[in-house]
Structure formats: structure tokens, C-alpha cells
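Written out below as C-alpha cells is the structure these notes cover.
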Amino acid sequence: MNIELEELRKQLTSGKINITDTSSVIKKGIINNQQGESFNYEVTHGWNVIEAMNCDTKWGKFNLELFEFIRDQNYSEEELTEVLSKLSIEDNHWDWFAKSMVHRQDEYEWFFLTANGSPQGACVIYHPKTSVIDEENIFYIEYVAAAPWNRDNPYKEKSFSGIGSILINCALDYSVNTLGLVHGFSLHSLPKAKPYYEKIGMITFSDLDKGTLAYYEMPRKMAKDMVEAI
């Protein structure tokens, strides 16, 4: 990790320096957890380094507890392999604070979903991106993730479902109605996320894959349907 970034992180955490929050609320709603309890949520748009740090701190704490729980179960090697294979932790190494310091130019847009006092998900998009399908300007999802407690895991029951979908829909609505892009978006998928993107109708173009990351694009009509459903 860059030493300057680490020092900046420490100073922000200690309150020695402040960075102005440039984000604003673009959507409010109600979301139910797995127990049927209702919570108000907000989706904010804009660069927000503090919220990025909250993702690192709170998500990292949960993942640490999750790994400690798994360790303490004394699984056999076979059982451990099965448990780990079912976890969606491919983005566990992502550093949202570092990403916020790198991706802060005008061509990047940040979205956070907050509920129950915690960041439930985050999304960063890049624009414009030329569509493989029709060569129009769409956006590209650099990163999108739900908090680890919103994923299936053996430690605790999943809290909320659909966080990623809400964020993608908000990003799509913003890209069309504010940025003036056409309906559609693309991304490179982590291996375990591929079934989700295929389920929502994205098309894969294997010649644009990056190693294990498969390239997907959302056709215009299906993307338009997503916006209209918001």
C-alpha cells in the first residue's frame, strides 16, 4: 500500500484533516431484511471518502469475524473446502479508500447505499464507454459490491437482498437522465458473480475477457426496462 495513502487514512481517521463530502442523496426507499423488518435506505451519488473508509472498516470487521468463526468450527479439510467454495469473497481484498483516492476524476461516478447506520453497498462507474453492441456511449461498472453480511455465509443470516441491483439501477438512471448516455452498461465480472449478470440478461463477449474476468454488456432494451422499473 502506498505510504502516502496510509498516512492520509490515519489523519482522516484521527480527525487531523477533513475532506469535504460532495455527495448528495438521489434515492430513498424502504428495504426489508430477511426477518421481514423494514429499514429506510438512501442512495447517495458523489465522491465520499469517509463512506469509502466506512466500507473498509465495517466490511473488514465482519469478514474478520467470519474467518474466525470458520476457523473455530474445526472443519475437516473436505468440509472447509466446501464451506469456502460457497463464500462470495473474491472482492475481500478491495480497498475502497484507496479506490476513492484513485477514481475521483470527472469520468467516475460514486454511489453508496446506506441503511441501518451502515454502508450496505457501493458502486463506481466510468463513462463514457463505447458499447460493443451498437457503438453508442454507455457506462462501465468499475466496481460494485454488497456488504459481506448481505451475502450467504455460515456465520450469520444474510441481512438484505438486492443491494447490488438497487445500486446498478440508480447508476443506470443517473447515466441516462443526468449524463445523457444511452441505456446500457458493461463490466468485467468476478467468476462467482457471472450467474447473476446472466440472470439479469447481460451478454458475454469472450474476446474482451481479462483473465478470469468475463466481459458482459447489458443490451439497450433490457437496460431501458430496468430504468423504467425504478
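Output the residues belonging to the range 41-84 that are within 22 Å of ILE125 (Cα to Cα) and either of a type in the set (Gly, Ala, Ser) or not in a helix (DSSP H, G or I) (or both).
TYR41, GLU42, VAL43, THR44, HIS45, GLY46, TRP47, ASN48, ALA52
Can you find a residue in the range 34-48 that is in contact with an Asp or Glu (Cβ under 6 Å, 6 or more places away or on another chain) and not aromatic (Phe, Trp, Tyr)? Outline the logic, then answer.
Start the filter on the range 34-48 by keeping residues that are in contact with an Asp or Glu (Cβ under 6 Å, 6 or more places away or on another chain), which leaves 34, 48.
Restricting the remaining residues to those that are not aromatic (Phe, Trp, Tyr) gives 34, 48.
Looking for residues that are in contact with an Asp or Glu (Cβ under 6 Å, 6 or more places away or on another chain) and not aromatic (Phe, Trp, Tyr), one finds at least one in the range 34-48, hence yes.
Suppose we filter the range 98-115 for residues that are of a type in the set (D, E, K, R) and either crowded, with 17+ Cβ neighbours inside 10 Å or on the phi > 0 side of the Ramachandran plot (or both); how many remain? Step through it out loud before you land on a result.
First pass over the range 98-115, keeping only residues of a type in the set (D, E, K, R): 99, 104, 106-107, 109.
Filter once more, keeping what is either crowded, with 17+ Cβ neighbours inside 10 Å or on the phi > 0 side of the Ramachandran plot (or both): 99, 109.
So the count comes out to 2.
Picking from ARG151, ARG220, which residue would you name as being of a type in the set (D, E, K, R) and within 14 Å of the chain's Cα centre (by Cα)? Working first, answer last.
Details: ARG220 fails: within 14 Å of the chain's Cα centre (by Cα).
Going through ARG151, ARG220 in turn, the sole match is ARG151.
Would you be able to tell me the number of residues in the range 176-200 that are in a helix (DSSP H, G or I) and of a type in the set (A, V, I, L, M)?
2
For every residue, the table says whether it meets (1) surrounded by fewer than 21 Cβ atoms within 10 Å (Cβ to Cβ); (2) modelled with pLDDT of 95 or more; (3) among the acidic types (Asp, Glu); (4) part of a loop (DSSP other than H, G, I, E, B).
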{"residue": "ILE141", "(1), (2), (3), (4)": "no, yes, no, no"}
{"residue": "ASP152", "(1), (2), (3), (4)": "yes, yes, yes, yes"}
{"residue": "TYR155", "(1), (2), (3), (4)": "yes, yes, no, yes"}
{"residue": "TYR174", "(1), (2), (3), (4)": "no, yes, no, no"}
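Please list, ordered by first then second residue, the pairs with beta carbon atoms under 7 Å, 6 or more apart or interchain, first in the range 33-60 and at negative phi and acidic (Asp, Glu), second surrounded by 15 or more Cβ atoms within 10 Å (Cβ to Cβ) and outside any strand (DSSP E or B).
ASP56/ASP95; ASP56/TRP96; ASP56/PHE97
Given the criteria closer than 20 Å to VAL43 by Cβ and among the β-branched types (Val, Ile, Thr), does THR114 qualify? Step through it out loud before you land on a result.
On the way: closer than 20 Å to VAL43 by Cβ: yes; among the β-branched types (Val, Ile, Thr): yes.
Yes.
Within the set of pairs 6 or more residues apart or between chains, which connect a residue that is of a type in the set (D, E, K, R) inside the range 180-206 to a residue that is assigned to a loop (DSSP other than H, G, I, E, B) with Cβ atoms less than 7 Å apart?
LYS192/SER88; LYS192/GLU90
The values are calculated or read from the model by the stated rules, or taken from the named source; none is laboratory data. Note that the structure is a prediction, hence the values are computed from the model and not measured. Neighbour counts run over all protein chains shown; Cβ positions are idealised from the backbone, glycine included.
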